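The structure under discussion appears below in the form of structure tokens.
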Amino acid sequence: MNELAGKIALVTGGSRGLGREMVLAFASAGADVVIASRKLEACEAVAREVEALGRRALPVAAHVGLWEDNDRLCDAAYGAFGRVDVLVNNAGMSPLAPSLTETTEALFDKVVDVNFKGPFRLSSLVGTRMMAGAGGTIVNLSSTAAFKPEPHTVPYGGAKAAVNAMTVALAKAFAPKVRVNCIAPGPFLTDVSTVWRENKAYEQSLGLKRFGEPHEIVGAALFLASDASSYVTGQVLRVDGGTW
């Protein structure tokens with residue numbers, strides 16, 4: 001696998017879950033990787049895994065919900081490697097509130113900051129630099145919650161719907177040198193899976209009658225990050241096992 005040979009990839013939320021799977025897949029496909037998350041130690045651990053695959057890695061502690069952290073992350077990536085060819089906005093969070101009226105302003109802002117504000121800022125920075133250089137690809141991570149919003153996850157579903165809209169808008173803004181696409185995962189069995197993982201009725205409601213394994217995000221990520229999707233932009237690809 002050399003779909004990303006010689007490329008530089010930046011993955012937010014890259015120290016765990018789906019992010020870690022994508023980081024290791026990109027490294028296996030020949031990319032050097034910038035690994036970002038809030039905890040530097042976790043990023044450093046994944047960086048060692050990348051280096052064991054023979055690729056370079058840059059661990060960076062960054063909270064994508066903070067505007068200035070995205071600026072600093074972009075500068076760190078370009079300072080270390082001189083360019084970014086692939087940006088994956090994977091970092092996200094989906095905390096639940098007791099009810100609609102008990103959703104605090106702080107919780108609402110935190111969900112929107114991490115899931116939408118951060119990807120917007122980082123994509124704007126990196127996409128602009130890609131346009132000034134040789135181009136590149138941006139892959140956003142949305143959610144099936146954007147298509148099937150539920151009362152208990154209104155801020156999250158709304159933020160992810162905004163990511164879908166942003167994907168189309170940025171694909172237009174950065175065309176033709178930068179392609180911008182989105183993956184909308186369904187329920188994956190990562191270490192941050194919530195109580196739904198024990199919900200057998202939910203599991204059986206899926207088209208494939210099972211939840212996703214983390215490595216099953218890799219095919220879509222490699223497709224959208226590489227030239228395999230050279231004529232694809234502004235699209236949202238659902239990887240959800242049949243969440244209808």
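Every number here is computed from the coordinates shown, using simple stated rules; none is lab data. All values derive from a computational prediction rather than experimental measurement. Here the Cβ is made from the backbone with ideal geometry for all residues, glycine too, and neighbour counts use every protein chain on show.
Taking (1) touching a helix residue (DSSP H, G or I) at 6+ places or on another chain (Cβ under 7 Å); (2) exposed (fewer than 15 other Cβ atoms within 10 Å of the Cβ); (3) at positive phi in turn, Gly82 satisfies each apart from (1).
Evaluation of Leu87 against the conditions (1) under 16 Å from the mean Cα position of the chain (by Cα); (2) farther than 19 Å from Val114 by Cα shows that the sole unmet condition is (2).
The residues listed here are Ala5, Ala52, Ala45, Ala27; of these, the one that is surrounded by fewer than 23 Cβ atoms within 10 Å (Cβ to Cβ) and closer than 19 Å to Leu224 by Cβ is Ala5.
The residue that is farthest from Thr167 (Cα to Cα), among those in the stretch 206-228 that are touching a Ser or Thr at 6+ places or on another chain (Cβ under 8 Å) and assigned to a helix (DSSP H, G or I), is Pro214.
Counting only strands (runs of 3 or more DSSP E) wholly contained in the stretch 1-77, the ones carrying 1 or more residues that are small (Gly, Ala, Ser), under 16 Å from Gly92 (Cβ atoms) and within 17 Å of the chain's Cα centre (by Cα) occupy 32-37. Please determine, by comparing only the residues of the stretch 129-157 that are without any contact (Cβ under 8 Å) to a residue 24 or more places away in the chain and outside any loop (DSSP other than H, G, I, E, B), which one is surrounded by the most Cβ atoms within 10 Å (Cβ to Cβ). The qualifying residue surrounded by the most Cβ atoms within 10 Å (Cβ to Cβ) is Gly157. In the set Leu87, Leu100, Leu107, Leu96, only one residue is aliphatic (A, V, I, L, M) and crowded, with 18+ Cβ neighbours inside 10 Å; that residue is Leu87. Filter the stretch 97-126 down to the residues that are among the acidic types (Asp, Glu), in a helix (DSSP H, G or I) and farther than 15 Å from His63 by Cβ and list them by number. Hit for the stretch 97-126 is Glu105, nothing else. The set of residues from the stretch 191-215 being buried (at least 17 other Cβ atoms within 10 Å of the Cβ), more than 14 Å from the chain's Cα centre (by Cα) and within 18 Å of Val88 (Cβ to Cβ) comprises just one member, Gly212. Select from the stretch 100-123 the residues that are polar (S, T, N, Q) and without any contact (Cβ under 8 Å) to a residue 24 or more places away in the chain and write down the one among them that is farthest from Leu224 (Cα to Cα). Among residues in the stretch 100-123 that are polar (S, T, N, Q) and without any contact (Cβ under 8 Å) to a residue 24 or more places away in the chain, the one farthest from Leu224 (Cα to Cα) is Thr101.
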